[in-house]
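Report on the structure given below.
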Amino acid sequence: MKLSEARIDVLSERIVDVLADQDDVLFQAPDPRLRQAIREIMIDELTVEERLDAEVRALLEQHRSDIVMGRLNYDEVFRRVKQRLIRERGIVL
């Protein structure tokens, strides 16, 4: 994750504060609940690539014998599989 949890907390608090100052924004939940929801969304978005990398590693584990025997270059296959999954799922990194 590229941001610390403390930084995410500060950012989620600022987002709620900025929205609260807007005349045309009406909250339908208490501020702490909104901050927590924003925090969870931010963490989920910031960890997309980490989860994708773990999934690619798991997929490549199935072909470990070919990679170990030198028939496939792990880094190249990793990159290709990751790009394919990004394309298929419409992930923005």
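Of everything in segment 11-37 that's part of a helix (DSSP H, G or I) and among the small types (Gly, Ala, Ser), which residue is least open to solvent (accessible area, probe 1.4 Å)?
Ser12
Mind telling me which of the residues Glu40, Glu50, Glu61 ends up being in contact (Cβ under 8 Å) with a residue 12 or more places away in the chain and either charged (D, E, K, R) or surrounded by 14 or more Cβ atoms within 10 Å (Cβ to Cβ) (or both)?
Glu50
Output the residues belonging to segment 1-10 that are free of Cβ contacts under 8 Å to residues at least 24 places away in the same chain and open to solvent by less than 80 Å² (accessible area, probe 1.4 Å).
The answer is Ser4, Ala6, Val10.
For segment 42-75, enumerate the residues that are among the charged types (D, E, K, R) and in a helix (DSSP H, G or I).
Result: Asp44, Glu45, Glu49, Glu50, Arg51, Asp53, Glu55, Arg57, Glu61, Arg64, Asp66, Asp75.
The values are calculated or read from the model by the stated rules, or taken from the named source; none is laboratory data. What you see is a predicted model, and the numbers here were worked out from it, not measured in a lab. We place every Cβ from the backbone using ideal geometry, glycine too, and count neighbours over all the protein chains shown. Areas reflect the complete protein model, heavy atoms only, side chains present, ligands, DNA and RNA absent. Shrake-Rupley method; radii C 1.70, N 1.55, O 1.52, S 1.80 Å.
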